[in-house]
1. Using Cα pairs under 8 angstrom and six or more residues apart, how large is the relative contact order of the chain, in percent?
2. About its Cα centre, what dipole magnitude does the chain give when the only charges are +1 on Lys and Arg Cβ and -1 on Asp and Glu Cβ, stated in debye to the nearest 20?
3. What accessible area, in Å² to the nearest ten, does a 1.4 Å probe give for HIS132?
4. To the nearest 10 square angstrom, how much accessible area does LYS214 have with a 1.4 angstrom probe?
5. How about segment 166-212: which trypsin sites (Lys or Arg not before Pro) there are in a DSSP loop, with at most 12 other Cβ atoms within 10 Å of their Cβ?
6. Calculate the FRET efficiency for LYS162 and TYR245 from the Cβ-Cβ distance with a Förster distance of 35 Å, rounded to the nearest 0.05.
7. Relative to the Cα centre, what is the charge dipole magnitude of segment 126-258, using +1 at the beta carbon of each Lys and Arg, -1 at the beta carbon of each Asp and Glu, and rounding to the nearest 20 debye?
8. Go through VAL15, GLY47, PRO30 and say which Cα lies farthest out towards the positive end of the charge dipole of segment 1-47; charges sit on Cβ, +1 for Lys and Arg, -1 for Asp and Glu.
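The values are calculated or read from the model by the stated rules, or taken from the named source; none is laboratory data. Please read these numbers as outputs of a predicted model, since none were measured by experiment. Every residue, glycine as well, gets a Cβ built from its backbone with ideal geometry; the counts of neighbours run over all protein chains shown. We work out accessible area using only protein heavy atoms, side chains counted, and drop any ligands, DNA or RNA first. Shrake-Rupley method; radii C 1.70, N 1.55, O 1.52, S 1.80 Å.
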Amino acid sequence: MTTRYYKVAGHTFSVSGEGEVFEKMRNYEPFECEGGEPLFALTAEGGEVPEYTEVHRQKEDDADIICGHTASGNDLFEFAGKSKTWGCLLCSKDYREGQIIMTRRISKMVIDNSLMIMFALATAGKNTLLFHAAVVSSEGKGYLFLGPSGTGKSTHAQLWIKHIGGTELVNDDNPVVRDGIVYGSPWSGKTPCYRNVSVPIGGIVMLSQASHNKILRLRGIHAYLAMVESVGGKLWDSRIAECLYQTENRLASTIPLWHLECLPDKEAARLCHETIKNNK
């Protein structure tokens, strides 16, 4: 069994497994590091899902994630799709150690979802948020585009890249925010983008589809509510929820947030860019 180390947004973690596991982890290679004290350590191996009590379930693009507790009180996340189980993540109570159990062949979906969940839980008290967003960099600043699936986050990011000179994609779906800086991550969406880069946040934009282009600055509770739905984490755990709330509230209080009602066109990208750029 081999152990490799990775660093995302300044947080180091380790993964132990056989060679086939790492063949499914090519997207993590830009984040590989020499070692150090890991924030959490995961071991990936075959086996069966332990018995547990279901607490919550959520639908993702490629799987159902069933969340629960074992008899000993450990958190367990089972990944299932099309009436079959692919595996699970079993966490220690302090989220310092975890076990990826794969019931079938080695699954990239199980590995990626396990690492995202473990990362979100282990960093919740460290001013770190894992976002569901598309991110671009422009003129030395990072801009996050938020919204439910299908809103057009990736489309709007591509409009910036096409029509705003010098714009680059940072991450298509799962960036990490820490201390006012947005980081690329090993997790992306339909557009593969696994860049180990970071940039100070210039603004956060909530998108909604419309028959016109209009942008409005959000403040206070409106800014917080626009942002919180795009943050990953286990909200039924009161300790995790409180840590996330404090970080989210701090971010909403220090970073400008906007609501952009828009068409999928270059005028929307230019309106968004110019408004945020000229914000005092």
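1. Once divided by the residue count of the chain, the mean separation gives 15 percent.
2. It works out to roughly 900 debye.
3. Rounded to the nearest 10, that gives 60 Å².
4. The accessible area of LYS214 comes to roughly 120 Å².
5. Values: sites: ARG178, LYS190, ARG195; in loops: LYS190, ARG195.
Qualifying residues, ordered by number: LYS190.
6. 0.40
7. Around 140 debye, computed over segment 126-258.
8. PRO30
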